[in-house]
Amino acid sequence: MESKDQIIPGQPQPVYPTAPPPTYTAVSQPPVPQTTFLVRDTGQPMPENNMIFACVVIWLCPSSCICGLVAFICSTRVKSLYDSGDYQGAESASKQAKIWSIVGLVLGILNIVIGGVGTVILIVTAAAAVGASAGLVEGLTDELTENLNEYSWWG
């Protein structure tokens, strides 16, 4: 028994239908966007933003935290003003950040000094009051003992 797909030498071979060859169409890729950087050369370096100074005031002087926050906001404006070409505005924001940081630091130090002096005064006053009351109690105890001995009915 011969199979239909068997190849026999010398005999014509069957022709099977073939798929048409694939067709390829060119697909255009969208253009790759190009990034353009505009660099303004003002000829002047960017002013110091004093952000670290502002952060130190915020963290170490909680009593003057508002001054530190204002200084931090001013320091964040320095770069954006400089990048937009407003060198005078960046310089002004830098000076404001520095001034607010110094004010906050001075207020924080004053708060620590005044609080320390006030604490010492409170401790000294409390110690004096305790000492005075101890002497008063001792005097009252002696007087009460004398009165009891003088008016005692057993004595």
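The values are calculated or read from the model by the stated rules, or taken from the named source; none is laboratory data. Because the structure is a prediction, the values reported are computed rather than measured. Heads up: the accessible areas ignore ligands, DNA and RNA and are worked out on the full protein's heavy atoms, side chains in. Shrake-Rupley method; radii C 1.70, N 1.55, O 1.52, S 1.80 Å.
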Q: Of all residues in the range 83-135, count the ones that are under 30 Å from residue 43 (Cα atoms) and in a helix (DSSP H, G or I).
A: 17
Q) Tally time: how many residues in the range 54-78 are open to solvent by 60 Å² or more (accessible area, probe 1.4 Å), of a type outside the set (A, V, I, L, M) and modelled with pLDDT of 90 or more? A) 4
